[in-house]
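**Q** Mind having a look at this structure? Questions to follow.
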Amino acid sequence: MSLAAAGMLFFLGVPVAGMFLVFASVGILLFFRDPNRVAAEGSGRILSAADGRVIAVESVVESRYLNADALRISVFMSIFNVHINRVPADNLVLDVRHINGGFRMAHLEEASLENERTEIFLEDESGRRSLMVQVAGLVARRIICRLEPGDLVKGGSRFGLICFGSRVDLYLPPETIPAVEVGDKVKAGLSVLGTLK
């Protein structure tokens, strides 16, 4: 539709506006791309939930759901990354909550708790619990999460997206052995963030 409008603008002699619509159309197509992926297999593997760059690998105390020590791994998605989010491991969804908030730049530390977000509380077959948080960013104004409490989900399966620059935080059991470092580039459903024995 926008490409047709661009063609009309070129025809009417308004090339600058036409070029703007062409670039906008290409950007939208790139943003909403959804490549098929075969999830990495292996017992205890925690897959990345998002495409992007790792911005945190650290031990924290997670007090919202886990009330315990956790390993937090955060992945920042720029506007150039694929924004489809994927489940990090086979899990039962215990709870899903959408929290209203601000729209700070997603790579900032305070964005985890102050920005608009969706929190997904998970439990694996061994009873180990984790928390996955979709965090909106400066440009993002919409978080899509198709998970509901009671869902049994498969590692690597699609579950939602965050529109434009944003992040996903994973709060994993403290015994998780990290497989990434800050600065690493990862892909949802393909890159292994850590392992659990």
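**Q** Please work out whether region 45-195 counts as rounded, prolate or oblate from its C-alpha gyration tensor, where a ≥ b ≥ c are the square roots of the eigenvalues and a/c under 1.5 means rounded, while otherwise a/b larger than b/c means prolate and anything else oblate?
**A** Rounded is the answer for region 45-195, as its axis ratio a/c remains below 1.5.
**Q** Then there's this: Taking the Cα centre of each part, how many Å lie between region 56-87 and region 166-197?
**A** One Cα centre to the other: 8 Å.
**Q** Something else now. Which order results if H107, H98, H83 are arranged by neighbouring Cβ count within 10 Å, fewest first?
**A** Arranged by neighbour count, lowest to highest, H107, H98, H83 become H98, H107, H83.
**Q** What three numbers, in Å, describe the spread of the alpha carbons of region 97-138 along their principal axes, ordered from the longest?
**A** Rounded to whole Å, the extents work out to 37, 18, 11 Å.
**Q** Between V139 and D95, what is the label-to-label distance in nm when each label sits 7 Å out along the Cα-to-Cβ direction?
**A** 3.3
**Q** Taking region 71-158, which GluC sites (Glu not before Pro) meet the DSSP loop condition and have no more than 10 other C-beta atoms within 10 Å?
**A** Passing sites in region 71-158 are E110, E125.
**Q** Compute the distance in nm between two label points, each set 7 Å from the Cα along the Cα-to-Cβ direction, one at E125 and one at S63.
**A** 3.6
**Q** Classify region 138-197 from the C-alpha gyration tensor, please: rounded if a/c falls under 1.5, else prolate or oblate depending on whether a/b exceeds b/c.
**A** Taking the square roots of the gyration eigenvalues as a ≥ b ≥ c, region 138-197 is oblate.
No lab work stands behind these numbers, since they all come straight from the coordinates. Not measured: the values here are computed from a predicted model. Reconstructed Cβ throughout: ideal geometry from the backbone, glycine too, with neighbour counts over all protein chains shown.
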